[in-house]
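First up is the structure itself, then whatever we jot down about it.
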Amino acid sequence: PPFLHRDNRGFIEEICKNVVSDMDAYGVCVVDDFLGAETGLAVLDEVKRLYSRGDFRDGQLVTNLITSDLKTIEGDKITWVDGKECECKNIGLLISQVDSIIVHANKMSDNGKMGDYVISGRTKAMVACYPGSGSHYVKHVDNPNRDGRCITAIYYLNLNWDVKEHGGLLRIFPEGWSDQVANIEPLFDRILFFWSDRRNPHEVQPAHQTRYAITLWYFD
Ligand SMILES: O=C(O)CNC(=O)c1n[nH]c2ccccc2c1=O
Ligand SMILES: [Fe+2]
(Lines give C-alpha, C1' and ligand atoms only; values in the text may rest on other atoms or scores of the structure.)
(Ligands and ions follow the chains in the order given, each with its own letter.)
Protein backbone atom coordinates (compact mmCIF):
# COMPACT_ATOMS: atom_id res chain seq x y z
CA PRO A 1 0.00 0.00 0.00
CA PRO A 2 1.30 3.48 -0.94
CA PHE A 3 1.41 4.79 2.66
CA LEU A 4 3.93 2.02 3.54
CA HIS A 5 7.04 3.89 2.43
CA ARG A 6 10.20 1.83 2.19
CA ASP A 7 12.04 1.98 5.44
CA ASN A 8 14.82 3.56 3.47
CA ARG A 9 17.73 3.43 5.89
CA GLY A 10 17.32 -0.25 6.76
CA PHE A 11 16.73 -0.98 3.10
CA ILE A 12 19.94 0.75 2.07
CA GLU A 13 21.88 -1.03 4.87
CA GLU A 14 20.57 -4.40 3.73
CA ILE A 15 21.50 -3.80 0.08
CA CYS A 16 24.96 -2.52 0.98
CA LYS A 17 25.78 -5.74 2.81
CA ASN A 18 24.92 -7.72 -0.34
CA VAL A 19 26.83 -5.36 -2.62
CA VAL A 20 29.98 -5.51 -0.49
CA SER A 21 29.97 -9.30 -0.14
CA ASP A 22 29.07 -10.03 -3.79
CA MET A 23 31.53 -7.50 -5.19
CA ASP A 24 34.28 -8.96 -3.02
CA ALA A 25 33.37 -12.54 -3.89
CA TYR A 26 32.39 -12.28 -7.57
CA GLY A 27 33.00 -8.72 -8.75
CA VAL A 28 29.32 -8.73 -9.85
CA CYS A 29 26.15 -8.02 -7.83
CA VAL A 30 22.47 -8.06 -8.83
CA VAL A 31 19.72 -6.45 -6.72
CA ASP A 32 16.05 -6.82 -7.71
CA ASP A 33 13.13 -4.54 -6.78
CA PHE A 34 15.56 -1.70 -6.27
CA LEU A 35 13.17 1.29 -6.40
CA GLY A 36 9.83 -0.49 -6.16
CA ALA A 37 7.28 -0.65 -9.00
CA GLU A 38 5.80 2.82 -8.52
CA THR A 39 9.09 4.72 -8.75
CA GLY A 40 10.47 2.28 -11.34
CA LEU A 41 7.50 2.99 -13.60
CA ALA A 42 7.96 6.74 -13.09
CA VAL A 43 11.62 6.40 -14.19
CA LEU A 44 10.54 4.35 -17.23
CA ASP A 45 8.01 7.05 -18.07
CA GLU A 46 10.67 9.76 -18.02
CA VAL A 47 13.01 7.65 -20.18
CA LYS A 48 10.29 6.99 -22.75
CA ARG A 49 9.51 10.71 -22.86
CA LEU A 50 13.19 11.52 -23.43
CA TYR A 51 13.35 8.90 -26.18
CA SER A 52 10.20 10.16 -27.90
CA ARG A 53 11.67 13.69 -27.79
CA GLY A 54 14.52 12.42 -29.96
CA ASP A 55 17.29 13.38 -27.50
CA PHE A 56 19.11 10.09 -28.04
CA ARG A 57 22.25 9.84 -30.18
CA ASP A 58 24.13 6.81 -31.56
CA GLY A 59 26.04 5.05 -28.76
CA GLN A 60 28.51 2.71 -30.39
CA LEU A 61 31.15 3.77 -32.91
CA VAL A 62 29.64 1.60 -35.61
CA THR A 63 26.05 2.73 -35.50
CA ASN A 64 24.23 0.66 -38.07
CA LEU A 65 25.50 -2.73 -39.11
CA ILE A 66 24.48 -3.56 -42.66
CA THR A 67 23.86 -7.28 -42.46
CA SER A 68 24.21 -9.64 -45.42
CA ASP A 69 20.52 -9.35 -46.26
CA LEU A 70 20.89 -5.55 -46.21
CA LYS A 71 18.78 -5.25 -43.08
CA THR A 72 20.35 -2.42 -41.10
CA ILE A 73 20.66 -3.20 -37.43
CA GLU A 74 20.57 0.05 -35.51
CA GLY A 75 23.09 0.26 -32.66
CA ASP A 76 22.26 1.42 -29.17
CA LYS A 77 21.09 5.02 -28.75
CA ILE A 78 22.13 7.05 -25.73
CA THR A 79 21.51 10.34 -23.97
CA TRP A 80 23.12 11.80 -20.83
CA VAL A 81 21.08 13.01 -17.84
CA ASP A 82 22.39 14.63 -14.67
CA GLY A 83 19.13 14.09 -12.83
CA LYS A 84 18.52 17.73 -11.89
CA GLU A 85 16.50 18.41 -15.07
CA CYS A 86 12.90 19.14 -14.06
CA GLU A 87 11.50 16.42 -16.30
CA CYS A 88 13.93 13.84 -14.85
CA LYS A 89 12.97 13.98 -11.16
CA ASN A 90 12.65 10.20 -10.82
CA ILE A 91 15.88 9.54 -12.72
CA GLY A 92 17.40 11.95 -10.18
CA LEU A 93 15.91 9.84 -7.37
CA LEU A 94 17.43 6.68 -8.89
CA ILE A 95 20.84 8.38 -9.09
CA SER A 96 20.73 9.49 -5.44
CA GLN A 97 19.74 5.98 -4.34
CA VAL A 98 22.66 4.44 -6.24
CA ASP A 99 25.02 7.13 -4.87
CA SER A 100 24.02 6.31 -1.29
CA ILE A 101 24.57 2.58 -1.89
CA ILE A 102 28.02 3.11 -3.40
CA VAL A 103 29.15 5.62 -0.78
CA HIS A 104 27.84 3.49 2.08
CA ALA A 105 29.26 0.24 0.67
CA ASN A 106 32.59 1.93 0.14
CA LYS A 107 32.67 2.97 3.81
CA MET A 108 31.35 -0.39 5.09
CA SER A 109 34.07 -2.59 3.64
CA ASP A 110 37.33 -1.67 5.33
CA ASN A 111 39.73 -4.28 3.97
CA GLY A 112 37.65 -5.81 1.13
CA LYS A 113 38.12 -4.77 -2.52
CA MET A 114 35.33 -2.20 -2.17
CA GLY A 115 37.56 -0.71 0.50
CA ASP A 116 40.52 -0.55 -1.86
CA TYR A 117 38.76 2.25 -3.73
CA VAL A 118 38.02 5.71 -2.47
CA ILE A 119 35.06 6.63 -4.67
CA SER A 120 35.67 10.23 -5.72
CA GLY A 121 32.85 10.81 -8.16
CA ARG A 122 30.77 9.47 -11.02
CA THR A 123 29.65 10.18 -14.55
CA LYS A 124 26.23 11.57 -15.35
CA ALA A 125 23.59 8.92 -16.01
CA MET A 126 23.81 7.40 -19.47
CA VAL A 127 20.31 6.42 -20.60
CA ALA A 128 20.67 3.74 -23.30
CA CYS A 129 18.06 2.30 -25.64
CA TYR A 130 18.61 -0.77 -27.80
CA PRO A 131 15.89 -0.26 -30.41
CA GLY A 132 15.27 -3.99 -30.94
CA SER A 133 15.58 -5.49 -34.45
CA GLY A 134 18.78 -7.22 -33.42
CA SER A 135 20.72 -4.31 -31.89
CA HIS A 136 23.46 -5.62 -29.62
CA TYR A 137 26.82 -4.65 -28.08
CA VAL A 138 29.92 -6.63 -28.91
CA LYS A 139 32.04 -8.15 -26.12
CA HIS A 140 34.02 -5.36 -24.48
CA VAL A 141 35.54 -4.03 -21.26
CA ASP A 142 34.09 -0.72 -20.09
CA ASN A 143 37.42 0.57 -18.76
CA PRO A 144 40.31 -1.35 -20.37
CA ASN A 145 42.94 1.35 -19.88
CA ARG A 146 42.64 2.76 -16.36
CA ASP A 147 40.51 5.79 -17.22
CA GLY A 148 39.47 6.01 -13.54
CA ARG A 149 36.09 4.26 -13.75
CA CYS A 150 36.00 1.43 -11.20
CA ILE A 151 32.34 0.43 -10.74
CA THR A 152 29.61 0.13 -13.41
CA ALA A 153 26.02 0.36 -12.13
CA ILE A 154 23.24 -0.49 -14.62
CA TYR A 155 19.53 -0.05 -13.80
CA TYR A 156 17.11 -1.91 -16.10
CA LEU A 157 13.61 -0.75 -17.05
CA ASN A 158 12.15 -3.57 -19.15
CA LEU A 159 8.69 -4.72 -18.08
CA ASN A 160 7.75 -8.36 -18.77
CA TRP A 161 11.08 -8.99 -20.47
CA ASP A 162 11.44 -12.57 -21.71
CA VAL A 163 14.99 -13.31 -22.87
CA LYS A 164 13.85 -16.39 -24.85
CA GLU A 165 11.62 -14.15 -26.96
CA HIS A 166 13.28 -10.73 -26.70
CA GLY A 167 16.99 -11.63 -26.37
CA GLY A 168 18.96 -8.72 -24.94
CA LEU A 169 20.76 -10.85 -22.34
CA LEU A 170 23.81 -9.25 -20.74
CA ARG A 171 26.55 -11.91 -20.54
CA ILE A 172 29.55 -11.20 -18.32
CA PHE A 173 32.71 -13.36 -18.62
CA PRO A 174 34.28 -12.77 -15.19
CA GLU A 175 38.06 -13.11 -15.30
CA GLY A 176 39.38 -15.99 -13.22
CA TRP A 177 36.13 -17.94 -13.44
CA SER A 178 37.35 -19.81 -16.57
CA ASP A 179 34.24 -21.41 -18.06
CA GLN A 180 31.65 -19.68 -15.85
CA VAL A 181 29.62 -16.80 -17.25
CA ALA A 182 27.05 -14.53 -15.59
CA ASN A 183 23.81 -14.27 -17.60
CA ILE A 184 21.95 -11.16 -16.46
CA GLU A 185 18.39 -10.62 -17.72
CA PRO A 186 17.62 -6.89 -18.14
CA LEU A 187 14.51 -7.08 -15.92
CA PHE A 188 12.44 -4.10 -14.75
CA ASP A 189 13.63 -2.48 -11.48
CA ARG A 190 16.81 -4.61 -11.39
CA ILE A 191 20.17 -3.00 -10.69
CA LEU A 192 23.55 -4.58 -11.51
CA PHE A 193 26.99 -3.61 -10.20
CA PHE A 194 30.29 -4.87 -11.58
CA TRP A 195 33.97 -3.85 -11.68
CA SER A 196 34.41 -1.74 -14.83
CA ASP A 197 37.94 -2.97 -15.62
CA ARG A 198 39.32 -6.01 -17.41
CA ARG A 199 37.93 -8.34 -14.74
CA ASN A 200 34.52 -8.15 -16.46
CA PRO A 201 34.41 -8.43 -20.25
CA HIS A 202 30.72 -8.45 -21.23
CA GLU A 203 28.35 -8.33 -24.21
CA VAL A 204 24.72 -7.43 -24.87
CA GLN A 205 23.14 -10.12 -27.02
CA PRO A 206 20.84 -9.07 -29.89
CA ALA A 207 17.64 -7.46 -28.61
CA HIS A 208 14.38 -7.96 -30.48
CA GLN A 209 12.35 -5.52 -28.39
CA THR A 210 13.12 -1.96 -27.29
CA ARG A 211 15.49 -2.35 -24.33
CA TYR A 212 16.15 0.50 -21.88
CA ALA A 213 18.89 0.80 -19.24
CA ILE A 214 20.46 3.61 -17.20
CA THR A 215 24.20 3.35 -16.47
CA LEU A 216 26.35 5.20 -13.90
CA TRP A 217 30.14 4.79 -13.76
CA TYR A 218 31.86 5.53 -10.40
CA PHE A 219 35.41 6.87 -10.31
CA ASP A 220 38.05 6.17 -7.69
O1 LIG B 1 22.95 -2.73 -21.27
C2 LIG B 1 23.65 -3.65 -20.78
O3 LIG B 1 23.16 -4.65 -20.22
C4 LIG B 1 25.16 -3.56 -20.86
N5 LIG B 1 25.57 -2.41 -21.59
C6 LIG B 1 26.89 -2.23 -21.79
O7 LIG B 1 27.75 -3.03 -21.45
C8 LIG B 1 27.35 -0.99 -22.41
N9 LIG B 1 28.61 -0.68 -22.21
N10 LIG B 1 29.17 0.42 -22.71
C11 LIG B 1 28.44 1.33 -23.47
C12 LIG B 1 29.06 2.47 -23.98
C13 LIG B 1 28.33 3.36 -24.77
C14 LIG B 1 26.99 3.12 -25.06
C15 LIG B 1 26.34 1.99 -24.53
C16 LIG B 1 27.08 1.08 -23.72
C17 LIG B 1 26.49 -0.14 -23.16
O18 LIG B 1 25.29 -0.44 -23.33
FE1 LIG C 1 29.64 -2.21 -21.08
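The values are calculated or read from the model by the stated rules, or taken from the named source; none is laboratory data. What you are looking at is a predicted structure, and each value in this text was computed from that prediction instead of being measured. Please note: Cβ atoms are built from the backbone with ideal geometry, for glycine as well, and neighbour counts cover all protein chains shown. Accessible surface is based on the protein model in full, side chains and every heavy atom, while ligands, DNA and RNA are left aside. Shrake-Rupley method; radii C 1.70, N 1.55, O 1.52, S 1.80 Å.
I'd like the full set of residues that are open to solvent by less than 10 Å² (accessible area, probe 1.4 Å), out of contact with any Leu (no Cβ under 9 Å at 6 or more places or on another chain) and either more than 11 Å from ligand 2 (Cβ to nearest atom) or part of a strand (DSSP E or B) (or both), limited to region 189-198.
Passing the criteria: 193, 194, 195.
Kindly indicate whether any position in region 154-164 is part of a loop (DSSP other than H, G, I, E, B), in contact with a strand residue (DSSP E or B) (Cβ under 8 Å, 6 or more places away or on another chain) and β-branched (Val, Ile, Thr). Give the derivation first.
Within region 154-164, the first condition is being part of a loop (DSSP other than H, G, I, E, B), and the residues that meet it are 157, 159-162.
Add one more test, that the residue is in contact with a strand residue (DSSP E or B) (Cβ under 8 Å, 6 or more places away or on another chain), and what stays is 157, 161.
Narrowing further to those that are β-branched (Val, Ile, Thr): none.
No: zero hits.
Which of the residues that make up region 13-30 are in contact with an Asp or Glu (Cβ under 9 Å, 6 or more places away or on another chain) and open to solvent by 10 Å² or more (accessible area, probe 1.4 Å)? Give the derivation first.
Going through region 13-30, the residues in contact with an Asp or Glu (Cβ under 9 Å, 6 or more places away or on another chain) turn out to be 27-30.
28, 30 - these are the residues of region 13-30 that are in contact with an Asp or Glu (Cβ under 9 Å, 6 or more places away or on another chain) and open to solvent by 10 Å² or more (accessible area, probe 1.4 Å).
Of the residues 172, 214, which single one is open to solvent by less than 10 Å² (accessible area, probe 1.4 Å) and farther than 26 Å from residue 88 by Cβ?
On the way: 214 fails: farther than 26 Å from residue 88 by Cβ.
172 is the lone residue from the list that is open to solvent by less than 10 Å² (accessible area, probe 1.4 Å) and farther than 26 Å from residue 88 by Cβ.
Check off (1) among the polar types (S, T, N, Q); (2) more than 11 Å from ligand 2 (Cβ to nearest atom); (3) touching a strand residue (DSSP E or B) at 6+ places or on another chain (Cβ under 7 Å) for residue 178 and give me the number that stays unchecked.
Every condition holds for residue 178 apart from (3).
Give region 143-164 a look and list any residue that's within 11 Å of ligand 1 (Cβ to nearest atom) and farther than 18 Å from residue 30 by Cα, or say none.
Answer for region 143-164, where residues must be within 11 Å of ligand 1 (Cβ to nearest atom) and farther than 18 Å from residue 30 by Cα: 143, 149.
Checking the condition open to solvent by 10 Å² or more (accessible area, probe 1.4 Å), modelled with pLDDT of 95 or more and in contact with a Lys or Arg (Cβ under 9 Å, 6 or more places away or on another chain), which residue from 201, 131, 186 passes?
201
Would you pick out the residues in region 106-128 that are of a type outside the set (D, E, K, R), modelled with pLDDT of 90 or more and not in a strand (DSSP E or B)? Working first, answer last.
Taking region 106-128 first, the residues of a type outside the set (D, E, K, R) are 106, 108-109, 111-112, 114-115, 117-121, 123, 125-128.
From what is left, the residues that are modelled with pLDDT of 90 or more are 121, 123, 125-128.
Correct list: 123 only.
Would it be correct to say that residue 212 is away from ligand 2 (no atom under 12 Å from the Cβ) and in contact with a Pro (Cβ under 9 Å, 6 or more places away or on another chain)? Explain how you work it out, then say what you get.
Values: away from ligand 2 (no atom under 12 Å from the Cβ): yes; in contact with a Pro (Cβ under 9 Å, 6 or more places away or on another chain): yes.
It is true that residue 212 is away from ligand 2 (no atom under 12 Å from the Cβ) and in contact with a Pro (Cβ under 9 Å, 6 or more places away or on another chain).
Condition first: open to solvent by less than 30 Å² (accessible area, probe 1.4 Å) and within 16 Å of ligand 2 (Cβ to nearest atom). Now tell me which residues in region 134-166 satisfy that. Outline the logic, then answer.
Let us first name the residues in region 134-166 that are open to solvent by less than 30 Å² (accessible area, probe 1.4 Å), namely 134-135, 142-143, 148, 150-158, 161, 166.
Those that are open to solvent by less than 30 Å² (accessible area, probe 1.4 Å) and within 16 Å of ligand 2 (Cβ to nearest atom): 135, 142, 143, 148, 150, 151, 152, 153, 154, 155, 156.
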